[in-house]
Amino acid sequence: MSATPVASREAALRIALAARALNGLDVRALVGALIEKLDTPLTESKLGTLTVEDLRVILAGDFAEQGCHVGVEPEALKEAIRLLWGQGVVNSDFPAIEAYTDGDMPGSLRVAIAANRGENLDGHFGSCERFLVYQVSPTDIRLVDVRSTVEADGAEDRNAARSALINDCQIVYVQSIGGPAAAKVVRAGVHPVKKPGGGPAREALAELQQRLTCPPPWLAQIMGVPAASLARFEEELETGEAA
């Protein structure tokens, strides 16, 4: 990933929502086309200069001069332009980040959630629009960052770039993840957890939170503490030796 961001946080949100309005157009394809038109970084002011005709030409590509209709209804093009301008973009789609300083939550874990809308676990690792990043302790859950995948999707190896995007996390929750992508996530030091049914992000984190005080082996390894079952065995062994 480049040192200079491909798009600002707000611009990335607008682009993702516009792609959704364009019959679920691949975000990576739209970003590439916008970069050709506007150059990097993609900013809110640059997106605000686009017109419906600009967007039609961008989507039509080599066929623009033939008046191609690009397979998108005119109203969808208008809606996408409104979103790129920032009109109708609800702030709640990017949940508010909570204050956090390193050391605030001793013994906590950093957990990423694959997300598309709001504060939900509703994304696949390779196609989610963003990762919600939380700090989770036995007594607190805080949303400390929201990371758009727009820049990662511009990389040659998307899965490696997405893994690098969350490599400060110990766990990532996803609805699904393929084997090669999972290997890259693990190589980045992150443990993938699949929850196919998805749901509110904080519900999944509350379940994790309850297990922090008595962790199963996989979680204990991440936390660097003895597993609950092993701890009980060691305690019984010490008691037996004392007797």
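Set the Förster distance to 41 Å, then compute FRET efficiency between residue 33 and residue 183 from the Cβ-Cβ distance, nearest 0.05. Calculated transfer efficiency: 0.85. Using Cα springs under 10 Å in a Gaussian network model of the chain, which residue among 99, 152, 204 shows the largest mean-square fluctuation? Fluctuation is largest for 99. Taking label positions 7 Å along the Cα-Cβ direction at both residue 73 and residue 10, the computed distance is 3.0 nm, reported to one decimal. Measuring nothing but alpha carbons in the range 9-89 and taking Rh as the Kirkwood radius, the Rg to Rh ratio lands at 0.92. Considering only 180, 192, 95, the Gaussian network model of the chain with Cα springs below 10 Å gives its largest mean-square fluctuation to 180.
With an 8 Å Cα cut-off and a minimum separation of 6 or more residues, compute the relative contact order for the chain in percent. The partial results should precede the final answer.
Working: 380 pairs, mean separation 39.0, N = 243.
16 percent.
Note on residue 167 and residue 222: the model spin-label points, each 7 Å out from Cα along the C-beta direction, lie 1.9 nm apart. Along the axis of the charge dipole computed for the chain (Cβ charges of +1 for Lys and Arg, -1 for Asp and Glu, origin at the Cα centre), the listed residues 164, 38, 72 are led at the positive end by 72. For the chain, the number of Lys pairs with C-alpha atoms closer than 19 Å, counting only pairs eight or more positions apart or on separate chains, is 5.
Would you work out the charge dipole size for the range 9-89 about its Cα centre, treating the Cβ of every Lys and Arg as +1 and the Cβ of every Asp and Glu as -1, and quote it to the nearest 20 debye? List each step's numbers first, then the result.
Numbers: 9 positive and 12 negative charges, 61 e Å.
The calculation lands at about 300 debye.
The order of the peptides 100-106, 221-227 by mean Cβ neighbours within 10 Å, most packed first, is 221-227, 100-106.
Counting helices only, and only those DSSP H runs with n ≥ 4, report the 222 nm mean residue ellipticity of the chain as the sum of -39,500 (n - 2.57) divided by its residues, in deg cm²/dmol to the nearest 500.
On the way: 10 runs with 100 residues, N = 243.
Estimated from H runs of four or more residues: -12000 deg cm²/dmol.
Look at (1) 15.7; (2) 18.6; (3) 14.5: the one that is mean projected area of the Cα convex hull in nm² derived from this structure is (1).
Coordinate-derived values only; no laboratory data. Quantities reported herein were computed from a predicted structural model and do not represent experimental measurements. All Cβ positions, glycine included, derive from the backbone under ideal geometry; neighbour counts span all protein chains shown.
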